[in-house]
Structure formats: C-alpha cells, structure tokens
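One structure is given here, and the rest of the page talks about it.
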Amino acid sequence: QVQLVESGGGLVQPGGSLKLSCAASGTIFSIYAMAWYRQGPGQQRDLVAAIAFDGRTDYADSVQGRFIISRDNTENRMHLQMNSLKPEDTAVYFCNAVANGGTFWGQGTQVTVSS
C-alpha cells in the first residue's frame, strides 16, 4: 500500500505561481511512476504531468512550458511548480502513484486562480 498526501494548494492571482507537494509513504519502493491530475468543477479528472522512475517527464499541452514536475527520491516527495497560472487552471489537484500493488491517489488539494 502507498499513502499520498498533497499540500501547497491555495488562492493565487492570474499570472502567479504555486508549488504543490506530494508526500509518499508505505511501500514506496514499489512505485515506478507518479503523476499529477486535476479535476475542475463538473469536469473529468485529467492528467497534468507525469514523471517516471528514470526521470522522464510528460505534460499536458495546456501546461507545457508553465508547469514543472519533479521528484525527490531521498525525501519521497513529488512536486509540481506551477507558473503563469490562469483561471482555467482552477481545479482540485490529485497526486497519483503507480506501483506494483496498484494505483494510488491522494485526497487532493484545491488550487484557485482568481483576481
């Protein structure tokens, strides 16, 4: 089992920045990929960014060039640096981990971009 806890969400003005973090615990040695997803009001949950065990990254077109995903294996944390935020980035952001035991999710953290 893997437990994931997100932090760092909040209210930010358009053009601003936020950094989300995801702390992983449990059988973390079995994790081979992690990702951030988001779900806006009345919308489906969509992939934002992903990072593989070897460090390869992938981004949704809508955040390419603005968001940066990173992983700190020594502290068992994953981060999402979000820059140049737009109102359409408003959503609940979820941490995701794919491991030998299955797929695991955090509880989510709210990000609101508004003036």
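Restricting to region 54-74, give me the number of residues that are in a loop (DSSP other than H, G, I, E, B) and touching a residue at least 12 places away in the same chain (Cβ under 8 Å). Explain how you work it out, then say what you get.
From region 54-74, those in a loop (DSSP other than H, G, I, E, B) are 54-56, 60-66, 73-74; that's our starting set.
Now drop any that are not touching a residue at least 12 places away in the same chain (Cβ under 8 Å), which leaves 55, 60, 62-63, 66.
Adding up the residues that qualify gives 5.
Out of region 1-16, which residues are closer than 17 Å to residue 90 by Cβ, part of a strand (DSSP E or B) and open to solvent by 70 Å² or more (accessible area, probe 1.4 Å)? Write out each step before concluding.
Applying the first criterion (closer than 17 Å to residue 90 by Cβ) to region 1-16 yields 6, 8-16.
Subsequent filtering for residues that are part of a strand (DSSP E or B) retains 6, 10-12.
Residue satisfying the conditions is 11 alone.
Between residues in region 19-47 that are closer than 15 Å to residue 104 by Cβ and residues that are modelled with pLDDT of 95 or more and of a type in the set (Lys, Arg), which pairs lie under 8 Å by C-beta distance while being six or more apart or on different chains?
Listed pairs, sorted by first residue: 37/45; 45/38.
Assess whether residue 80 counts as being over 12 Å from the mean Cα position of the chain (by Cα), open to solvent by less than 40 Å² (accessible area, probe 1.4 Å) and touching a residue at least 40 places away in the same chain (Cβ under 8 Å). Steps first, please.
Values: over 12 Å from the mean Cα position of the chain (by Cα): no; open to solvent by less than 40 Å² (accessible area, probe 1.4 Å): yes; touching a residue at least 40 places away in the same chain (Cβ under 8 Å): yes.
In short, no.
Give region 17-53 a look and list any residue that's in a strand (DSSP E or B), more than 26 Å from residue 85 (Cα to Cα) and open to solvent by less than 70 Å² (accessible area, probe 1.4 Å), or say none.
Just the residues of region 17-53 that are in a strand (DSSP E or B), to begin with: 18-26, 31-39, 45-52.
Now narrow it down to the ones that are more than 26 Å from residue 85 (Cα to Cα): 25-26, 31-32.
The answer is 25, 26, 31.
How many residues are in a strand (DSSP E or B) and either of a type in the set (A, V, I, L, M, F, W, C) or surrounded by fewer than 17 Cβ atoms within 10 Å (Cβ to Cβ) (or both) when one looks only at region 83-108?
Matching residues across region 83-108 total 11.
The values are calculated or read from the model by the stated rules, or taken from the named source; none is laboratory data. Source: prediction; values computed, not measured. All Cβ positions, even for glycine, are placed from backbone atoms using ideal geometry, and neighbour counts span all protein chains on display. Remember, those area values only see protein heavy atoms, side chains included, never the ligands or the DNA or RNA. Shrake-Rupley method; radii C 1.70, N 1.55, O 1.52, S 1.80 Å.
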